[in-house]
Amino acid sequence: MVIVKRKELSLAERLYLPEVFRALSITFRAIFKKKVTRQYPEERLVTTAVTRGQPRLVLLDDNQHLACVSCGLCEIACPAYAITIDGAETERCIEREPKRFEIDMLRCILCGFCEEACPKDAIFMSDELELADFSRAALIYDIEKLKRPRAALQPRIDYFYGANDRWRKRSSTS
Amino acid sequence: MSGSTQTFEYARGGAGLGQTPPGPLDPSVARAPRDADDPLHGEHMQLNMGPQHPATHGVLRLKLELDGETMLKIEPEVGYLHRGKEKTCESLGWAKFFPHTDRLDYVQPLMNNVGYALALEQLAGIQVPERGQVIRVLLMELSRIAAHLIYLGTSAIDQGAVTMFFNTFKVREDIYTILDAYTGHRMNNTYVRIGGVFADVDPGVEALVRDFLARMPAEIDGFEALLSGNRIWFDRNRNVGVLSKEQALAWSLTGPNLRGSGVEFDLRKAQPYCGYEQYDFEIPIGTLGDCYDRYLVRIEEMRQSARIATQALERLSSSHGGEFLAEDRRYVLPPKDKVHTSMEELIFQFKIVTDLRLPAGEAYHAIESSKGELGFYVVSDGSSKPLRCHIRAPGLMNVQAIPPLAEGRLLSDMVALIGSLDFVMGEVDR
C-alpha cells in the first residue's frame, strides 16, 4: 500500500505566471523532437504477418481451384454472420467445392475465427486493410474478389503455424 | 440459482441490502458559495448535458436542474449505447462472444477478453498454462496504462489542457503499436481464448516493450510536471467531488475511485487471478477522495502497472517455448497441423466450432479492470449456449455516483467530476 502524496502549491506555482512559462518551455521543446504524425495515404502503417487484415480464400497450386471444400465451419464460427456458402459437387477428387462463397465485408469484424476454424487451410487473414467502395453491394465480396494465390498468403500461413506450435510434450491421440 | 428470489427486493425499492445509499454530502463542505447578487439566481432552469456533449465521454445524458450556475438536481440517463450484449451472448454461444467483449469497454479490450475467459475457465475447470497467464498479465497491464492515459488525456482536455491530450495519446500510440505487434490489431484485439491466448507472442517484440517500459516513468513524470502543480488543474480538481469512504462503499464503487477515497481494495491483491500473487507491486490509495486524489491514484497506478509489466516481460523472455493454451480437447481447438493428419483431431475441430458445450452450473469471476471490478457471471445448462450472461460493469456504478457528488456544486465542476470518475459508455450501457 502506498498513500499518494497530495502536493501543495509553491509560491511560484500560486503566482501562476512563472508556471505558464515553465509549461510553455516543456511544450515548445516538443517542436524539436521527432515528429510522430504519419502522413497517412503516403506513409502507410507497416503490416506484418501478425496483422489480421481482411479474410481471403486460398487457391490451390494450380491457381484455379479453391482449397475450400464448403464444409461450412467458417460460416458457423463467424460471430458477425458475414459468410455465406453454397456448396456444389465437383468431379475433382475432393468432391465438393463452393458454388458461392460470399463475405459481407461490411459485417466482417476481422476477428480471425474463420481462419482458426477452417480444417482445410482454405481461408486466411491477409494483410489487406483498406476497405472502401461506392455501394454496399460492391462490398459483398464473392469468390472472384476473395481468391488469392497461396504465395500471397504464405507469410500469414507460416506465422499461423509457427505461433500455434503447441501441445508437443505429451503424445496426442494421433 | 437458489436465492434469486431475494435479490429482486432491492430493485422493488425495499431495503433489501439493509442500507440506503446516503444523500449529498454535508452542505457546509460540498456547496459552492451562492452569490446573492447573481442575476441568474432564483429561476430554475432545466438543462440537458449530452448525449452528444463531448465532455460526457460517450453518450451519457444528464438532466440537470440549475439555479444560476449551481446544480440542484442531477439525473443521469444511461442506455443510449445499449446494444444488448448480454442477450447477444446468450444467443451467440460461448466462444463467439469474445469479439463482443472487446466492444464493452473499448479502451481496454484485452482486459474484457480475459475477464470473460476467466469466468468460462472457472465454469469448465480449465487450468491456464504458465506462459499463457504471463502473456495475459503483460497485455492486461499495458491495456491498463493505455486506459488510464485516455482518462488523463480526456479529462485534461475537457478542463482546457489541450497539450495533455496530445502527449498522452502519443504514449498510448506506443502501447497500441506493441499490442498490434503482439495481437494483430490495435484495438478490438480478440486475442484471448478459453484456456489461454490465441497464439504465442513474437519474441522479437520484447525489445519494443522493454524500450517502452524504460521510457514510461519519464513520460509519467512529464505528465505530472504539466498537471500536478498546475494551478488551474489544482483549483478545478481539489475538493471537487469529495467521495467519502462510506459513500464509496455504499455506492459499490470499485477501482481507482474507491482507492482514491482511501479504501485499500484491489482484486489483484484481494483475489489474485492469472498469477498476480507472484508479482511485486503496491496499491496506491488516496486520503480525501476528491478528483485530485483519483488523479494521483491513477498516475501512481500507471507506474505500478509498468512495474508489473516489466516483471511479466522477464517471465515471458524466460519461458520461450512454453505452452500458452491449455491442452483440453473439450474446449480448445487442436493445432492445425494435427487437424490435417488425424481423424480424431478433425472431429474435435468440428465438435468445438459447431457445438462447444460448457458443463452445467454457474460461475462468477471478477478482474480488476482500469475502471474497477469487472465481473462476468455466466450460467450454463450444459448446452452450447449460455443460459445467462451478466456483466458487472464498474462504469455503471461510477455513473451512479455522479448525482450525490455533483449536487450543490457549480456546473463547471461536472466536467471535472465526469472525467475523474472515468467510465466508458460502451460498458455502462452494454
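For the stretch A:87-145, residues that are of a type in the set (Asp, Glu), under 24 Å from A:Val46 (Cβ atoms) and surrounded by fewer than 12 Cβ atoms within 10 Å (Cβ to Cβ) total 1. Here B:Val205 passes the criteria (1) at pLDDT below 90; (2) more than 10 Å from chain A (Cβ to nearest Cβ); (3) outside any loop (DSSP other than H, G, I, E, B); (4) under 18 Å from A:Thr48 (Cβ atoms) except the one numbered (2). Using the structure shown, decide if A:Ser126 is among the polar types (S, T, N, Q) and touching a Gly at 6+ places or on another chain (Cβ under 6 Å). In short, yes.
Right, B:Leu139: over 22 Å from B:Leu313 (Cα atoms), assigned to a helix (DSSP H, G or I), modelled with pLDDT of 90 or more and more than 10 Å from every other protein chain (Cβ to nearest Cβ) or not? So B:Leu139 fails the test.
The rows are residues; the columns are (1) under 25 Å from B:Val332 (Cβ atoms); (2) modelled with pLDDT under 90; (3) within 14 Å of chain B (Cβ to nearest Cβ); (4) not in a loop (DSSP other than H, G, I, E, B).
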position: A:Arg92; (1), (2), (3), (4): no, yes, no, no
position: A:Arg107; (1), (2), (3), (4): no, no, yes, no
position: A:Leu129; (1), (2), (3), (4): no, yes, yes, no
position: A:Phe134; (1), (2), (3), (4): no, no, no, no
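Only residues that are farther than 20 Å from A:Ala77 by Cα and facing another protein chain (nearest Cβ under 9 Å) were counted in the stretch B:322-342, giving 5. Output the number of the condition that B:Arg303 fails; it satisfies all remaining conditions of (1) more than 30 Å from B:Leu417 (Cα to Cα); (2) touching a Pro at 6+ places or on another chain (Cβ under 9 Å). Evaluating B:Arg303 over (1) more than 30 Å from B:Leu417 (Cα to Cα); (2) touching a Pro at 6+ places or on another chain (Cβ under 9 Å) leaves (1) as the failure. Taken over the stretch A:69-87, residues that are in a loop (DSSP other than H, G, I, E, B) and either under 12 Å from A:Cys114 (Cα atoms) or at the interface with chain B (Cβ under 9 Å from one of its Cβ atoms) (or both) amount to 7. Evaluation of B:Ala161 against the conditions (1) in contact (Cβ under 8 Å) with a residue 40 or more places away in the chain; (2) of a type outside the set (Phe, Trp, Tyr); (3) crowded, with 24+ Cβ neighbours inside 10 Å shows that the sole unmet condition is (3).
You will find that of B:Ala124, B:Ala146, B:Ala119, the residue that is under 18 Å from the mean Cα position of the chain (by Cα) and farther than 28 Å from A:Ala30 by Cα is B:Ala119 and no other. Here A:Val58 fulfils each of the conditions (1) more than 25 Å from A:Leu131 (Cβ to Cβ); (2) of a type outside the set (D, E, K, R); (3) outside any loop (DSSP other than H, G, I, E, B) apart from (1). Among residues of the stretch A:1-17 being in a helix (DSSP H, G or I) and surrounded by 12 or more Cβ atoms within 10 Å (Cβ to Cβ), the one that is nearest to the other protein chains (Cβ to nearest Cβ) is A:Glu13. When the stretch B:168-183 is filtered for residues that are without any contact (Cβ under 8 Å) to a residue 60 or more places away in the chain, crowded, with 21+ Cβ neighbours inside 10 Å and at the interface with another protein chain (Cβ under 8 Å from one of its Cβ atoms), the ones remaining, listed by number, are B:Asp180, B:Tyr182. Inside the stretch B:244-266, residues that are buried (at least 20 other Cβ atoms within 10 Å of the Cβ) and in a helix (DSSP H, G or I) make up a count of 7. Looking at B:Tyr295, B:Tyr273, just one residue is within 10 Å of chain A (Cβ to nearest Cβ) and either more than 13 Å from B:Glu368 (Cα to Cα) or part of a loop (DSSP other than H, G, I, E, B) (or both), and that residue is B:Tyr295.
Every residue, every condition in (1) buried (at least 20 other Cβ atoms within 10 Å of the Cβ); (2) within 14 Å of chain A (Cβ to nearest Cβ); (3) more than 30 Å from B:Phe165 (Cα to Cα), yes or no:
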| position | (1), (2), (3) |
| --- | --- |
| B:Leu60 | yes, no, no |
| B:Met71 | yes, no, no |
| B:Tyr80 | no, no, no |
| B:Glu90 | no, yes, yes |
| B:Pro99 | yes, yes, no |
| B:Asp102 | yes, yes, no |
| B:Tyr106 | no, yes, no |
| B:Ala124 | yes, no, yes |
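The residue that is nearest to the other protein chains (Cβ to nearest Cβ), among those in the stretch B:298-321 that are out of contact with any Leu (no Cβ under 6 Å at 6 or more places or on another chain) and over 25 Å from B:Arg193 (Cβ atoms), is B:Glu300.
The criterion of being over 26 Å from B:Tyr273 (Cα atoms) and within 11 Å of chain A (Cβ to nearest Cβ) does not hold for B:Val197. Of the residues making up the stretch B:74-107, those that are of a type in the set (Phe, Trp, Tyr) and either closer than 21 Å to B:Leu123 by Cα or not in a loop (DSSP other than H, G, I, E, B) (or both) number 3. Has the stretch B:222-240 got at least one residue that is in a loop (DSSP other than H, G, I, E, B), more than 12 Å from every other protein chain (Cβ to nearest Cβ) and in contact with a helix residue (DSSP H, G or I) (Cβ under 6 Å, 6 or more places away or on another chain)? Yes. When B:Arg186 is tested against (1) surrounded by fewer than 21 Cβ atoms within 10 Å (Cβ to Cβ); (2) touching a residue at least 12 places away in the same chain (Cβ under 8 Å); (3) not in a helix (DSSP H, G or I), just one condition goes unmet, and that condition is (2). Looking at B:Ala326, B:Ala306, B:Ala270, just one residue is surrounded by fewer than 24 Cβ atoms within 10 Å (Cβ to Cβ) and in contact with a strand residue (DSSP E or B) (Cβ under 7 Å, 6 or more places away or on another chain), and that residue is B:Ala326. Residues satisfying the criterion are absent from the stretch A:19-37 (criterion: touching a helix residue (DSSP H, G or I) at 6+ places or on another chain (Cβ under 8 Å), modelled with pLDDT of 85 or more and surrounded by 10 or more Cβ atoms within 10 Å (Cβ to Cβ)).
I'd like to check something: does the stretch B:75-88 contain any residue that is of a type in the set (D, E, K, R) and in contact with a Cys (Cβ under 7 Å, 6 or more places away or on another chain)? Scanning the stretch B:75-88 turns up at least one residue that is of a type in the set (D, E, K, R) and in contact with a Cys (Cβ under 7 Å, 6 or more places away or on another chain).
The values are calculated or read from the model by the stated rules, or taken from the named source; none is laboratory data. Remember, predicted model here, so these are calculated numbers, not experimental data. Note that each Cβ is placed from the backbone with ideal geometry, even for glycine, and that neighbours are counted across all protein chains shown.
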